[in-house]
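Down below is the structure, laid out as structure tokens.
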Amino acid sequence: MSQPPQSPDAPGTTDVDGGVDSLTDEATSDVERAAAQAADDRSEHSGPPDDQDAGYDDDYRAPVVVAPLPGASSGPAQGGQRASAPQVAEAPRPHHSALSLAAMASVAVGGLNPTRLALPQSETPERHIIGVIDTQGRHWEVHEARTDAVGASLEAEAEVLRRIGRVVDDGRLSFDVPRVAGSLRQKDAHIQVRSHVEGKPIPVETLRPGPGMSAGLGKALGEIHELAMTVISEAGMPVYDAEEVRRRWLSLLDDTAATGRTPPALLGRWEQALEDTALWRFRPTVVHGDLAEENVLVAGGTVVAVRGWSQAHVGDPAEDLAWVYSSAPVDCLDSIEDAYDIARSEGVDRHLRERADWSASSVWRAGCCTG
């Protein structure tokens, strides 16, 4: 996804000469259209007034986004995921340049006057992300949704970020999250402006045992799983109890078996584990749902930020730990687990690590992502 952040004056940044007025004709045209649209329909303009906290009206509820099946976030859509509805071709939206997005960001967020482009700079057919430095030296990210599905995901994630941000501000989390400052929705454009969180992706494969990044990772995971479930439910994101999680895995097992690509003996062992109801007795928690190196940022030897919350839901905490077991060096697991246990105020269920190790199986993941 995004590249490691750079300072505003780092090589590779692009000067846009101090403000919107001096942008290219294309950008100027876009900002004029954006300003006109914002004036016509302020209800769609969610950016807060200048010098106020970024946020939404307390009664606002984002669109519901169905979380992916556990362990299948990197594969093609399966039943029950966000893409479960029949694919309907969306009318193509114009692809706006980085300068155009910077111009629109100045409309979405009061007081944001872009002066140069910076990292990240990332573009896919579905999303365009740019970094912007404003005249006050603040570093922002502008996310452009190029499909309705991505737009809904951005808005839903914003609701989660808003609530977790409050927990951070209360001093109850040791890491930060991006803060959504505003968004702009028009017929041919949907952007969201977020604060840029500093840090580099955690180098999971090169972690070392001890109280440094390994313990910091375990602590961050424990704190995520200690968040109040209302962070998810009030944001309109999915909530699954233990039995629903087990049945979703069973459904995915059936889909995997139908491909005919998995040995029957292996399918039998998976089915046996899923039929062991004792293994699936757990207290649901907040689940990040998309943990990866690029979503856990570190600086100074510790975890400083967690991003990528679009697949957050309430479910089995083993889903997040599966990434640790499949990625981290074995000699670091004790340090991660000890810090995780300390961060969990009510302790963990005795089968948590067994479920995490099971779902982290590379063979299982290969099977669950076919079809």
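The values are calculated or read from the model by the stated rules, or taken from the named source; none is laboratory data. Values in this document were obtained by computation on a predicted structure and should not be read as measured data. All Cβ positions, even for glycine, are placed from backbone atoms using ideal geometry, and neighbour counts span all protein chains on display.
Among the candidates ALA181, ALA149, ALA145, which residue alone is under 25 Å from LEU99 (Cβ atoms) and under 16 Å from the mean Cα position of the chain (by Cα)?
Step by step, each of ALA181, ALA149, ALA145 is checked, and only ALA145 is under 25 Å from LEU99 (Cβ atoms) and under 16 Å from the mean Cα position of the chain (by Cα).
Could you tell me which of the residues GLU234, GLU243, GLU226 is of a type outside the set (Ser, Thr, Tyr) and either crowded, with 23+ Cβ neighbours inside 10 Å or in contact with a Ser or Thr (Cβ under 8 Å, 6 or more places away or on another chain) (or both)?
Answer to the check: GLU226.
Are any of the residues in the range 282-301 crowded, with 18+ Cβ neighbours inside 10 Å, over 30 Å from VAL180 (Cβ atoms), touching a Phe, Trp or Tyr at 6+ places or on another chain (Cβ under 9 Å) and aromatic (Phe, Trp, Tyr)?
The answer is no, given that none of the residues of the range 282-301 is crowded, with 18+ Cβ neighbours inside 10 Å, over 30 Å from VAL180 (Cβ atoms), touching a Phe, Trp or Tyr at 6+ places or on another chain (Cβ under 9 Å) and aromatic (Phe, Trp, Tyr).
Report every pair of residues separated by at least 6 positions or lying on different chains whose Cβ atoms are under 7 Å apart, first residue within the range 115-128 and touching a residue at least 24 places away in the same chain (Cβ under 8 Å) and buried (at least 18 other Cβ atoms within 10 Å of the Cβ), second among the hydrophobic types (A, V, I, L, M, F, W, C) and not in a strand (DSSP E or B).
Note: pairs meeting the criteria are THR115/VAL16; ARG116/VAL16; LEU117/VAL16; LEU117/ALA98; LEU117/ALA102; HIS128/LEU101.
Restricting attention to the range 326-369, which residues are β-branched (Val, Ile, Thr), crowded, with 16+ Cβ neighbours inside 10 Å and modelled with pLDDT under 90?
VAL348
May I ask you to list the residues in the range 272-295 that are of a type outside the set (A, V, I, L, M, F, W, C) and under 21 Å from TYR325 (Cβ atoms)?
Answer for the range 272-295, where residues must be of a type outside the set (A, V, I, L, M, F, W, C) and under 21 Å from TYR325 (Cβ atoms): GLN272, ASP276, ARG281, ARG283, PRO284, THR285, HIS288, GLY289, ASP290, GLU293, GLU294, ASN295.
Considering the range 326-362 alone, what residues qualify as being more than 20 Å from LEU207 (Cα to Cα) and of a type in the set (D, E, K, R)?
The answer is ARG344, GLU346, ASP349, ARG350, GLU354, ARG355.
For the range 254-280, what are the residues that are under 19 Å from ASP316 (Cβ atoms) and in contact (Cβ under 8 Å) with a residue 24 or more places away in the chain?
ASP255, THR256, TRP270, ALA273, LEU274, THR277, ALA278, LEU279, TRP280
If you check every pair at least six apart or on different chains, which have Cβ atoms under 7 Å apart with a residue in the range 170-194 that is touching a residue at least 24 places away in the same chain (Cβ under 8 Å) and acidic (Asp, Glu) first and a residue that is surrounded by fewer than 21 Cβ atoms within 10 Å (Cβ to Cβ) and assigned to a strand (DSSP E or B) second?
Close Cβ pairs (under 7 Å, with a partner that is surrounded by fewer than 21 Cβ atoms within 10 Å (Cβ to Cβ) and assigned to a strand (DSSP E or B)) amount to ASP176/VAL304; ASP176/ALA305.
Consider GLU346 against the criteria (1) touching a residue at least 40 places away in the same chain (Cβ under 8 Å); (2) touching an Asp or Glu at 6+ places or on another chain (Cβ under 7 Å); (3) farther than 19 Å from VAL168 by Cβ; (4) not in a helix (DSSP H, G or I): it satisfies all of them except one. Which criterion is unmet?
(2)
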